[in-house]
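Undergrad: This structure is in structure tokens; I'll ask about it shortly.
The values are calculated or read from the model by the stated rules, or taken from the named source; none is laboratory data. Keep in mind that this is a model prediction, so the values were computed, not measured. Ideal geometry is used to build each Cβ from the backbone, glycine not excepted, and the neighbour counts take in all protein chains shown.
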Amino acid sequence: MSQRPLQEPAFLILTALAGGAQHGYGITADAGQISGGRVRLRAGTLYAALDRLGGDGLVEVDHEEVVDGRLRRYYQLTEAGAQRLASEVARLRANTTAAAQRLGLIAGTP
Amino acid sequence: MSERGELEHRYRRLLAWYPAGHRRDHEEEMLGVLLAAARGGQRRPALADAVNLIWGALRIRVRTGPAPLDPRWRDALAVCSVAAPLLLLGVVTGALLSLDAAHLGRIVSWWQIIPADPVLLGPVALVALVLLQLRRLAALAVVVVTVGLSLYAVGASAYGSAGYMFWVVLGALETAALVSSPGPRRGLELIGRRRMAAITIAAMAAGGLLVSALATPAVPMPVIRDLAVVLGSAAAAAVAIRSSAVGRRVVALLAIPACPLIVAVSGLTPAGPVTTGDLALIYLPTLAGLSIVLLASRRRDRGHLGADAPHRPDPPPGPHSAPGGC
């Protein structure tokens, strides 16, 4: 069965976690960097996406720590999450390659 | 209150939109993220953040569905799944007896009436399906009959009639009872054979015998009849399962369809064309009763996230999440 494309917040979260476990604020900051400042993940969007990704078994809690009396929970990619991200990358790459070829953006193509 | 404290307080109020289980697992963590992203001196959440939090809460609520029912309400609904069809049977019996007594001067039998008015077979069939514990078939039958009745009531401009409202609400109650409870099997187990007989007799007796004593020209006989059946059965149920937590809930549930009838009997709705005020009088108490029961039947707390994850012991101070419950 073909998978539905990942929505951008989910894609950015998985990409952020592909570099290692991160806490909530770290994910939002990283997602901003990954998107070149184009996307700002707000808390409501972040935790709705984490809720879904956790429910689908794509991310999990790595560990928790308390900093300045405030809880920080670190999330990490599961194996299924890494596979899902890899298949999404392949899908996007195939699409962008096809689009670039038609636009003549890749050398040696018409 | 300091700026930080005030901002935190306001964020907590927004986080109250989230389901209790999600709050328990993530509130402190989300507060940490929100406060870390706040500007220096900020006292109020930005409008975009507030909207985003509420939207996120609604998405999670939609995804996780309604809170599970309290087991006492599930049992009460199971009892109602059996009791509501009996009410219908009582109402129909009352209708037969009162019609016959009023118009024919004699009481005729079921088998004489049904060929002339096959719609009366509905309650009989429903009771049979419920007693045979054919839950899905019974639920399908009730939905079809209730939707059909609603469409008919709207088409005939009878939606302002307390009698129709009673039938429709009773049908909705039976549908909810069949769908969201363990069903007639559990209901019959809770009621027991003797109590079952008591409720049946009460429903039919109330339907049949109290009509002539209560009916007056000012109050239509069918309304009295239906109300008598409902109140008689609710009283029988209360006596049968007296003082138990489930019994009280059964009575509360059965009282909902009675609301429009009580309003009608009280004489608040005048005869003649139905006005908006009449509709409000008939429908609002019913909706209020339904809302109260719905609110009361939800568990105060639930762990919807990580519910299927391995259980971990209670956490040290601070929130806690089961693995994968993010």
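Undergrad: Being farther than 22 Å from B:ASP49 by Cβ, in contact with a helix residue (DSSP H, G or I) (Cβ under 9 Å, 6 or more places away or on another chain) and touching a residue at least 24 places away in the same chain (Cβ under 8 Å) narrows it down to one of A:ARG91, A:ARG52, A:ARG72, A:ARG84, so name that one.
TA: Checking each option against the conditions leaves just A:ARG84.
Undergrad: For residues that are at pLDDT 90 or above, farther than 23 Å from A:GLU65 by Cβ and in a helix (DSSP H, G or I), tally how many sit in the range B:9-45.
TA: Number satisfying all stated conditions: 4.
Undergrad: Step by step: first the residues of the range B:103-158, then only those that are touching a Gly at 6+ places or on another chain (Cβ under 8 Å) and of a type in the set (S, T, N, Q), then the one that is modelled with the highest pLDDT. Which residue is that?
TA: Looking at the filtered set, the residue picked out is B:GLN133.
Undergrad: Something else now. For the range A:1-77, which fully contained helices (runs of 4 or more DSSP H) count at least 3 residues that are at pLDDT 95 or above and more than 25 Å from B:ARG4 (Cα to Cα)?
TA: Those helices (runs of 4 or more DSSP H) span A:8-18.
Undergrad: Within the group A:LEU53, A:LEU58, A:LEU46, A:LEU41, which residue is within 9 Å of chain B (Cβ to nearest Cβ) and either surrounded by 24 or more Cβ atoms within 10 Å (Cβ to Cβ) or more than 12 Å from the chain's Cα centre (by Cα) (or both)?
TA: A:LEU53 is the lone residue from the list that is within 9 Å of chain B (Cβ to nearest Cβ) and either surrounded by 24 or more Cβ atoms within 10 Å (Cβ to Cβ) or more than 12 Å from the chain's Cα centre (by Cα) (or both).
Undergrad: Let me ask another. Give the residues of the range A:61-85 that are within 14 Å of chain B (Cβ to nearest Cβ) and hydrophobic (A, V, I, L, M, F, W, C), sorted by residue number.
TA: Hits for the range A:61-85 are A:VAL61, A:VAL66, A:VAL67, A:LEU71, A:LEU77, A:ALA80.
Undergrad: Also, quick follow-up: Given the structure, is A:GLU88 more than 14 Å from every other protein chain (Cβ to nearest Cβ) and surrounded by 14 or more Cβ atoms within 10 Å (Cβ to Cβ)?
TA: yes
Undergrad: If B:ARG12 meets every condition in (1) facing another protein chain (nearest Cβ under 9 Å); (2) without any contact (Cβ under 8 Å) to a residue 24 or more places away in the chain apart from one, which number is that one?
TA: (1)
Undergrad: Quick one: A:ALA31 ticks every box in (1) within 14 Å of chain B (Cβ to nearest Cβ); (2) farther than 14 Å from A:TYR75 by Cβ bar one, so which box is it?
TA: Here A:ALA31 meets the rest and fails (2).
Undergrad: Let me ask another. On the given criteria, is B:GLU28 more than 29 Å from the chain's Cα centre (by Cα), farther than 21 Å from A:PRO9 by Cβ, more than 11 Å from chain A (Cβ to nearest Cβ) and touching a residue at least 12 places away in the same chain (Cβ under 8 Å)?
TA: no
Undergrad: Using beta carbons and a limit of 9 Å, which pairs, at least six apart or on different chains, have the first residue in the range B:123-135 and outside the structural domain of B:ALA177 (by TED's automatic domain parsing) and the second one part of a helix (DSSP H, G or I) and of a type in the set (D, E, K, R)?
TA: Every condition considered, no pair remains.
Undergrad: Let me ask something additional. Does A:GLY81 meet the test of being closer than 27 Å to B:GLU8 by Cα, in a helix (DSSP H, G or I) and small (Gly, Ala, Ser)?
TA: no
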